[in-house]
Amino acid sequence: MDPDWLPFCPNPTKPRYVPPPGAVDAHCHVFGPAAAFPFAPERKYTPCDASKDQLFALRDFLGFARSVVVQATCHGTDNRALVDALVHSDGRARGVASVARDVTDDELRALHAAGVRGTRFNFLRRLVDFTPREVLAELAQRIAPLGWHVVVYFEAADLPELWDFFTSLPTTVVVDHMGRPDVTRPVDGPEFARFLRLLQEHPNIWSKVSCPERLSKSGPPGYDDVVPFARAVVERFPDRVLWGTDWPHPNMKGHMPDDGHLVDVIPRIAVTADLQRRLLVDNPMRLYWND
Ligand code: 0GY
């Protein structure tokens, strides 16, 4: 399979916005290096290598203290690259893994010891093959006693069909990228209202207000069309939101964001110091470093 990636921005702009002390980048990835940690045979795309050392250097450059490394589909349920990053982070990275039905309790405990605090269920057909809901429900039951949460990634159009499954999960549920709204539709329209209602009615459901680069039609540097959506979520649910760079932006088509520009979006979606502290420090610390 040929690589179909755009390389990540090699020299991002220094952001004007300075995150508060202890800020967490709560959605980023490591890839390979493939020579040490091969990509999964069933992957739908092949990313560039993006090492833990490059991730930690970017974290420092952007003014963050900690990272939450999320297993991406190109590594399947082989979490070795993720675990390698966590155990070499001096306690400054925690993780979200992907696990298969045959994962053993000992393997789950080992992931926990390495710093994993969640598992990810991906519903994007372009990224993963279908997994039956009963398998995911069984996995959720098994990780719940560890205090882990479930991260879900889906497209807005699929929310009606997924609603009952999400709201039946026994853990905290974190939605990636605001459930991928169509930002050409009104922020106060019915589609986004459905997503807001999901959080309103279910206090165990959180949202990442991340990835303007994937949602925007207006594009960089400001990603202006995404800002009202993210701001609405931050202001309605200030204690259940997370923010992340999504570095190294796997599987991006079109443009590769400057990570400094992404950081400069933060004060436009969390417009007070209090909201910024909750988004970047209090919430991720409560979810990932509560032990
Ligand atoms: C993201 C987004 C994408 C990819 C993955 O696991 C993945 O492969 O999440 C995407 O293609 O939208 O959040 O990293």
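Contact map, segment 54-69: residues that are touching a residue at least 60 places away in the same chain (Cβ under 8 Å) and under 18 Å from L279 (Cα atoms) paired with residues that are aromatic (F, W, Y) and crowded, with 22+ Cβ neighbours inside 10 Å, Cβ distance under 6 Å, separation 6+ or inter-chain. Pairs shown: V68/Y288.
Looking at P10, P20 in this structure, which one is without any contact (Cβ under 8 Å) to a residue 12 or more places away in the chain and assigned to a loop (DSSP other than H, G, I, E, B)?
Details: P20 fails: without any contact (Cβ under 8 Å) to a residue 12 or more places away in the chain.
Result: P10 is the single residue among P10, P20 that is without any contact (Cβ under 8 Å) to a residue 12 or more places away in the chain and assigned to a loop (DSSP other than H, G, I, E, B).
Just to be sure I understand, how many residues within segment 240-264 are within 16 Å of the ligand (Cβ to nearest atom) and assigned to a loop (DSSP other than H, G, I, E, B)? Qualifying residue count for the region: 15. Of all residues in segment 192-233, those that are within 18 Å of F123 (Cα to Cα), of a type outside the set (K, R) and outside any loop (DSSP other than H, G, I, E, B) total 6. Can you tell me which residue within segment 156-191, out of those that are farther than 17 Å from F121 by Cβ and among the β-branched types (V, I, T), is farthest from the ligand (Cβ to nearest atom)? My answer is V187.
All of the numbers you see were taken from the coordinates with simple rules; none came from a lab. In this text the structure is predicted, and so the values were computed from the model without any measurement. Virtual Cβ from ideal backbone geometry, glycine too; neighbours counted across all protein chains shown.
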